[in-house]
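**Q** Structure below; questions to follow.
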Amino acid sequence: MNKRLVSLSVNGRREQLALADNALLVDVLRDSLGLVGTKQGCDGGECGACTVLVDDQPQLACITLAAGCEGRRIETIEALAVNGRMSRLQQAFHEKLGAQCGFCTPGMIMAAEALLRRVAEPSEAQIREALSGNLCRCTGYVKILESVQAAAGGQE
């Protein structure tokens, strides 16, 4: 198996890693960098639990080759909290009970974060579309939608 030195920008930090050509981003984040907020769910790009942002766009880390992210900005759920304080979106998920078991939550939040960076006050339809690739097995999605709406509206 061939390995090569890959330079990745993860959560604002430059990381130099020797990676196999077939190394998946989810494995590099979790196993090499210890960023376990990104969840490994289906391993096939179907559940959205592994959603991260690559250049501000939601990307499924379980089907993304890490080497393909060289020269791009990768953000995980760990990047959203600043100085131990949750972001407005994370706080809204907490207050509005948008997380049940919590497994899908990092992926949901990252998909919603990408939307809120593009659209300050999205409609319910826009939120549903942005989250359409993220599955939750615990809820009926009502609290998740309410959480995103609360963060968008700036409700604290």
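**Q** Within 10 Å of each candidate Cβ there may be at most 16 other Cβ atoms; applying that plus a DSSP loop requirement, which GluC sites (Glu not before Pro) in the stretch 1-95 survive?
**A** Glu46, Glu70
**Q** Would you mind counting up the charge near Ser9? Only other residues with Cβ under 11 Å from its Cβ, with Lys and Arg at +1 and Asp and Glu at -1.
**A** 0
**Q** In whole angstrom, note down how far apart the Cα centers of the stretch 13-59 and the stretch 124-154 are.
**A** 22
**Q** Enter the angle in degrees (range 0 to 90, nearest 10) between the Cα long axis of helix 105-118 and the first principal axis of the Cα atoms of the chain, meaning the one along which they spread out most.
**A** The angle comes out near 80 degrees.
**Q** Give the carbon-plus-sulfur fraction of the accessible surface of the stretch 16-66 in %, rounded to a whole number; probe 1.4 Å, heavy atoms of protein chains only.
**A** Roughly 46 percent, rounded to a whole number.
**Q** Test of the criteria: in the stretch 58-156, which trypsin sites (Lys or Arg not before Pro) are in a DSSP loop and have at most 16 other Cβ atoms within 10 angstrom of their Cβ?
**A** For trypsin sites (Lys or Arg not before Pro) across the stretch 58-156 that sit outside H, G, I, E and B with at most 16 neighbouring Cβ atoms in 10 Å, the list reads Arg72, Arg137.
**Q** Here is a further query. Under a 1.4 Å probe, what is the accessible area of the chain per residue, stated in Å²?
**A** I get 52 Å² per residue for the chain.
**Q** Considering only DSSP states other than H, G, I, E and B, which trypsin sites (Lys or Arg not before Pro) in the stretch 1-68 qualify as loop sites with at most 13 other Cβ atoms within 10 Å?
**A** none
**Q** Extent of the chain along each principal axis, from alpha carbon coordinates, in Å, largest to smallest?
**A** Ordered largest first, the chain gives principal extents of 48, 30, 24 Å.
**Q** Which sequence of Met108, Met86, Met1 reflects their accessible areas, 1.4 Å probe, from the largest down?
**A** Met1, Met86, Met108
The values are calculated or read from the model by the stated rules, or taken from the named source; none is laboratory data. Quick caveat: nothing in here was measured; it's all calculated off a predicted structure. Reconstructed Cβ throughout: ideal geometry from the backbone, glycine too, with neighbour counts over all protein chains shown. We work out accessible area using only protein heavy atoms, side chains counted, and drop any ligands, DNA or RNA first. Shrake-Rupley method; radii C 1.70, N 1.55, O 1.52, S 1.80 Å.
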